[in-house]
Amino acid sequence: MSNVKIANVLNNLPLIFERNIGQYDNKVQFVLNKKECTTFFTDKEIVLAFRSNEKIQELKELDSSNLYNTSLRKMEEYQINVLRVCFKSSNKIPQIIGKNEFNCTLNYFKGEDISNWKCSIPLYEKLLYKEIYNGIDILYYEREGVIKWDFIVEPNKNINNILLNLNGANNIELDDNGDINVNIKERILKISKPEAYQNNNDEKIESSFGIDEDGNIKFNISNYNEEDSLTITISVSFDNFNSTCVVDRANSIAVDEKNCVYITGEVGFQNFPDKKIYKNVLSGNDYGAFLVKIDTTKKGQSALKYAAYIGGEGIDEAVGIAVDNEKNAYIVGATNSIYEFPVTEKSYAYSYPGGSKTGFLIKIDTKKVGLSSLVYGTYLGGNSYDYAYSVAIDKEKNVYVVGLTNSNFGFPISESAYEKNNDDAVDVGFLLKLDINKERKDALLYGTYFGGNDSTSFSALAVDDNGYVYVTGVTQSKDFPVTQNAYETKFKGGLSSAFISKFNLNKTGKESLIYSSFLCGDGEEAGYGIAVDSRECAYITGVTNSLNNFPITQNAFQNSISNIEGSGFLIKINTQLSGEKGLAYGSYIDGNGSDVCSDIKIDYNNYVYICGFTTSTDFPVNSYENGWVKNGYNSFLLKLDINKERRKALLLGTFLRENINDFALGLALDNELNTYITGYAHSISEDRSKEKEGYYEESSISIMKVSTRICNLSIEKSQYNIDVEPGGKTQYEINIINNGPDVATDIRITDVLGRGITVKEISVSKGSIHQLGKEIIWKVSELNIGESAKATIKIRVLINSEISEKETFINVNDNIYCSKSSI
């Protein structure tokens, strides 16, 4: 496999400067949030707040029973290192102006009091300090991923007025390259040697930094025309900042029919540091949920379509997301914000239900702007801890939510429930169906506990066109509810088992469960993702370490695992068949390390798409263009045709490397067979010997787009008659055929003409064709599997001209195929 197109969706976005309208301290006019730091722009100074790792304890190893490793655990407080860039002797109140405003605005849905929400906040691509000194402006922007500061000096103004004082640095040094290195707690902020230009930036002027006796940074510019304007550009980069403690991440992703992706997860908030100190404290309570909508077909400002922060005074983590056909986003997760979570007036549960954490459901209309875009918000929980993990929407816009609860009182349970009680207060799964167009308790259409005498959690769900609900997760209960038609009715003796359960919520009580089966071997299993096709077949993926008795079919992609560190798996269950007949497919997805499959989707051909992460050096991929990282987790994407046997099932397999450790958690698939994978990129410092407490780490949001359309196009080009007399006519043909496995779209065929010929006439059986210089360009919008098309090119041979043939190139969705001319 070659030419797998992988793109980082976040690279489509420029810098985003956020105007302060009350969401921050009133000294702040603008804020820039980047993974390395938060930058506050005030009249007097620019303040950079870097999240450090002091007092953070080492994170626990990944728990196979909890894919999301929820951040609602108790978090240590940790320090913020602050660098203040002061403009010495500058104008007292310069004008700070946002430039290149976005069409999209930002919303802060923080707190239950609507009057405190900060909505429709303007966003900008650049920031201008006007008259920071007399006749001198500063323009702050990004170019090719590098932050730039342009000092724009009007004619006859004194550049010696520019003095930058850096407070909060441990050390400032000018290196041999002319760069300034600012040391902040063993991390380096690099300010590159200045570049100066005149004559509309056509003439470069010799320039350098200087540091005066008071430690102020100044510019040395030689031999420039003071009668002309001058631009001095510096670049600011963050070397060694993979060692900041940031735990931002995206947990789930969805896509609409316009190829806009919706991402949700949790992100840290940094308040403005007090002016009297250079260190501040950020606690675990400074984390909130977010929603971002990005148009993946566009770049720059136009790519950002919606953005919001969601939460209260505690920790708010969004875990699951779904989108309906009206571009409403439904978000579920967990919170411990008791007083200030953004619930709406007529929601199912307006007050915090109790317990240490509770689930929540938020609906946002991304077509609307500001305050009106938050349509619905409610708590979902009882008297103990509750987590909502996954959400789905049916054709009638009913909302389905699954997760885990320990509550035995106050949880939303309906009279029609499969199980109404959790008397022993064990961890059990829950399934809710809500009509959120109804008010308060009337919104609950179905609510049930589900589990046994030991721990159970629902991780993911899917709803088919008939309204049947399919759920997977993990259970440790030997008495987990299974049906007589189950593939596997017994818990086989490991510590935990995955499962598949199917519900008909039009029925009540025990009759609402119409299929339920263990999916296990002799070890541990957990189901993390589920999808369903039109024939009521469920596709389940997750993790197992069972060496024996795991449900593997004869045609499995992989029928064994090499170790017990953990293997991914794929199981297809036909829920209309009973017993062993129900197992339509079962396979490991394994290498020689630890492998986790986290999410799954299927397309209209029932090809299977799975994302996850692995440490295996021999993981089954067929594209290595995006690399592989040793001694770390690598995100991956697989596309499988499980109707084919063994390794022939692998249509596409690729790594999605972004950092030292990458964790793919969520997967979405659009109508053009582009996949979107989200999660987080996590890096850990290599040298731990210098670290006294914990270790330095970074976790940042990752969103990848992968073109997974696979079209094996064959091309044949007939050779024209080379014996034709000069001035004579002849012709040749180009034939293409799509051998699948996918429909080919947006095909562009370029035939480079040989010397000594002119084109007299061209025709095609499908598409359009024209000549452009020495090229024949043939475009075909779509070619079905097995379909062929033909182009006929009639030419005249010129007198005394040499004839030579060139290659013909095919471009399909930016993937290049090449075939030499053949008879």
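Residues in the range 497-515 that are surrounded by fewer than 23 Cβ atoms within 10 Å (Cβ to Cβ) and hydroxyl-bearing (Ser, Thr, Tyr): Thr508, Ser512. Number of residues in the range 189-198 that are under 25 Å from Ala49 (Cβ atoms) and either exposed (fewer than 15 other Cβ atoms within 10 Å of the Cβ) or among the hydroxyl-bearing types (Ser, Thr, Tyr) (or both) equals 1. Applying the condition of being in contact (Cβ under 8 Å) with a residue 60 or more places away in the chain and out of contact with any helix residue (DSSP H, G or I) (no Cβ under 6 Å at 6 or more places or on another chain) to the range 548-568 and asking which residue is surrounded by the most Cβ atoms within 10 Å (Cβ to Cβ) yields Pro551.
Residues in the range 165-183 that are within 15 Å of Pro194 (Cβ to Cβ) and in a loop (DSSP other than H, G, I, E, B): Asp175, Asn177, Gly178, Asp179. Scanning the range 373-394 for residues being part of a loop (DSSP other than H, G, I, E, B) and touching a strand residue (DSSP E or B) at 6+ places or on another chain (Cβ under 9 Å) gives a total of 5. Scanning the range 342-376 for residues that are aromatic (Phe, Trp, Tyr) and modelled with pLDDT of 90 or more returns Tyr348, Phe360, Tyr376. Checking each residue in the range 190-214 for being assigned to a loop (DSSP other than H, G, I, E, B), of a type in the set (Asp, Glu) and in contact with a Ser or Thr (Cβ under 7 Å, 6 or more places away or on another chain) picks out only Glu206.
If the condition is being out of contact with any Asp or Glu (no Cβ under 7 Å at 6 or more places or on another chain) and at pLDDT below 85, then the range 249-269 contributes only Ala250. If the condition is being touching a Gly at 6+ places or on another chain (Cβ under 9 Å) and either without any contact (Cβ under 8 Å) to a residue 12 or more places away in the chain or closer than 26 Å to Asp365 by Cβ (or both), then the range 439-460 contributes only Ala460. Having 1 or more residues that are modelled with pLDDT under 90 and more than 30 Å from Tyr376 (Cα to Cα) is the bar; report the strands (runs of 3 or more DSSP E) wholly within the range 113-160 that clear it. Fully inside the range 113-160 and qualifying: 136-143, 146-153. Does Leu656 satisfy the condition of being at pLDDT 85 or above and either aliphatic (A, V, I, L, M) or touching a Leu at 6+ places or on another chain (Cβ under 7 Å) (or both)? Answer is no for this residue.
The residue pairs whose first member lies in the range 410-438 and is free of Cβ contacts under 8 Å to residues at least 60 places away in the same chain, whose second member is β-branched (Val, Ile, Thr) and assigned to a loop (DSSP other than H, G, I, E, B), and whose beta carbons are closer than 8 Å, counting only pairs six or more residues apart or on different chains, are Lys420/Ile413.
Under the condition of being in a strand (DSSP E or B) and closer than 17 Å to Asp670 by Cβ, the residues counted in the range 579-608 number 5. Reported count of residues in the range 199-210, each being surrounded by fewer than 17 Cβ atoms within 10 Å (Cβ to Cβ) and touching a strand residue (DSSP E or B) at 6+ places or on another chain (Cβ under 8 Å), is 6. When Phe40, Phe50 are checked against the criterion of being surrounded by 19 or more Cβ atoms within 10 Å (Cβ to Cβ) and at pLDDT 80 or above, a single residue qualifies: Phe40.
A search for C-beta distances below 6 Å between a residue of the range 487-508 that is under 30 Å from Asn398 (Cβ atoms) and any residue that is in a loop (DSSP other than H, G, I, E, B) and modelled with pLDDT under 95, counting only pairs 6+ apart in sequence or on different chains, returns Ser497/Phe491; Ser497/Cys520; Thr508/Ser416.
From the list Gly493, Gly523, Gly473, Gly529, the lone residue that is buried (at least 17 other Cβ atoms within 10 Å of the Cβ), of a type outside the set (Phe, Trp, Tyr) and more than 19 Å from Leu431 (Cβ to Cβ) is Gly523. Screening Ile338 against (1) touching a strand residue (DSSP E or B) at 6+ places or on another chain (Cβ under 6 Å); (2) of a type in the set (A, V, I, L, M, F, W, C); (3) at pLDDT 85 or above leaves a single unmet condition, (1). Within the set Lys327, Lys298, Lys305, the sole residue that is of a type in the set (Lys, Arg) and surrounded by 20 or more Cβ atoms within 10 Å (Cβ to Cβ) turns out to be Lys305. Taking the criterion of being of a type in the set (A, V, I, L, M) and either in contact with a Phe, Trp or Tyr (Cβ under 7 Å, 6 or more places away or on another chain) or assigned to a loop (DSSP other than H, G, I, E, B) (or both), the residues of the range 515-542 that qualify are Leu519, Ile530, Ala531, Val532, Ala538.
The values are calculated or read from the model by the stated rules, or taken from the named source; none is laboratory data. Everything numeric in this text was worked out from a predicted model, so none of it was measured. Note that each Cβ is placed from the backbone with ideal geometry, even for glycine, and that neighbours are counted across all protein chains shown.
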